[in-house]
Amino acid sequence: MIGLTSKQIAAEIEAFSARLTQGSRTLSRLGDIESGVSPRDAIYQEDKLTLYRYQPRVENPHPVPLLIVYALVNRPYMMDLQEDRSMIRGLLNAGLDVYLIDWGYPDASDRTLTLADYIYRYMDRCVDILSERHGVDTINLLGVCQGGALSLCFAALYPEKIRNLVTMVTPVDFNTPDNILSHLIRYIDVDLLVDTFGNLPGQMLNFAFLSLSPFRLAGQKYVDLTDVFDDIQALKNFLRMEKWIFDSPDQAGEAFRQFAKDFFQQNKLIKGEVVIGDQRVDLHEVAMPVLNVYATQDHLVPPAASKALADCCGSQDYSEFSFQGGHIGIYVSARAQREVPPAIAKWLLAR
């Protein structure tokens, strides 16, 4: 407000106060903020896991099902946030038969779950269920962020079960110079953390993510919110995002221990040194067609961290798709809805 007169400053404060009052009235009329909008049916449950099938939006969906494996650290409804911001709806509209693993909310009884449990038990069972349900030998797999790393491990260990693999904003090289999250985790005593907490609190991880961009994620967005206080739809959109950001499940202790140490701290995935159970993960075994989708402005998974897959997987049919946006925008921006689901579907349907 430098250069403003006292009257102008008073007018600014009065207008801001009026917007806050209007916002309070609007917020009181919003009601519940739903999460996930596309109809779906639970077809399998085990422990905290639920396997969902989304109801097709075309008469004859593609016969090879697509299984989405989301990250453990966030909730998967980011991919189906609202009618006009739904990656899943875009895939359904393109004629794909879409399934998704919802990992649920781990509790104290899950602290001993390892990455072997997630890959050999949960993922393998879901893949087998889809293969039997559709009468096919192989399925299509779409791994998102950390779920992409798990999907790469699965595809390397069970290449005979995966027809096509799509990785989306997936880290492969966890030691690129611009990987801020990796630099942060590198200096954490992971063993002490897990031994102290058992399961890693989701709120602690969420704080770490927010701290990577504190001005934008923890300050500026709330100031900008006052500009849409008279727009119920805009407020609902904002609150859906806020609900997702702070809806962070706790992480099963032993699985977090291995992922943090082997993937982030020691960068074993790209080195071919990750061991799941008693099996070494060799990305050269990922010989099926691969589409690697990354975001050019991703602050959590920099493009270099994702594009490293090109040099270490064994696929002779490797493609990349770059989205001009960030880690969140690739799910929910209007541009993403126009570009990403059609690109994934076109690539899959051609194979």
Check your understanding: Somewhere in the stretch 275-289, is a residue small (Gly, Ala, Ser) and either part of a strand (DSSP E or B) or touching a strand residue (DSSP E or B) at 6+ places or on another chain (Cβ under 7 Å) (or both)?
Key -> no
**Study point:** From the options Val301, Val293, residue that is outside any loop (DSSP other than H, G, I, E, B), touching a residue at least 40 places away in the same chain (Cβ under 8 Å) and among the β-branched types (Val, Ile, Thr)
**Key:** Val293
Study note, to complete from the structure: Taking the stretch 158-197 and keeping only residues that are within 22 Å of Ala255 (Cα to Cα), modelled with pLDDT of 90 or more, hydroxyl-bearing (Ser, Thr, Tyr) and not in a helix (DSSP H, G or I), one is left with Tyr158, Thr167, Thr170
Practice item. List every residue pair whose Cβ atoms sit under 8 Å apart, with the two residues 6 or more apart in sequence or on different chains, where the first one lies in the stretch 264-283 and is more than 18 Å from Asp124 (Cα to Cα) and without any contact (Cβ under 8 Å) to a residue 60 or more places away in the chain and the second, anywhere, is part of a loop (DSSP other than H, G, I, E, B) and among the charged types (D, E, K, R). Key: Gln266/Glu273; Gly272/Asp282
Review point. Taking the stretch 89-107, which residues are assigned to a loop (DSSP other than H, G, I, E, B), surrounded by fewer than 22 Cβ atoms within 10 Å (Cβ to Cβ) and not aliphatic (A, V, I, L, M)?
Key: Gly95, Gly104, Tyr105, Asp107
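Residue by residue, here is whether (1) more than 20 Å from the chain's Cα centre (by Cα); (2) at pLDDT 95 or above holds:
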site	(1), (2)
Tyr222	yes, no
Glu242	no, no
Gly253	no, yes
Ser315	yes, yes
Review point. Which of the strands (runs of 3 or more DSSP E) contained wholly in the stretch 12-88 include at least 2 residues that are modelled with pLDDT of 95 or more?
Key: 40-46, 49-54, 66-69
Review point. Could you say whether any residue in the stretch 264-274 is more than 21 Å from Val69 (Cβ to Cβ), outside any strand (DSSP E or B), acidic (Asp, Glu) and modelled with pLDDT of 90 or more?
Key: yes
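The values are calculated or read from the model by the stated rules, or taken from the named source; none is laboratory data. What you see is a predicted model, and the numbers here were worked out from it, not measured in a lab. Cβ atoms come from the backbone with ideal geometry, glycine included; neighbour counts cover every protein chain shown.
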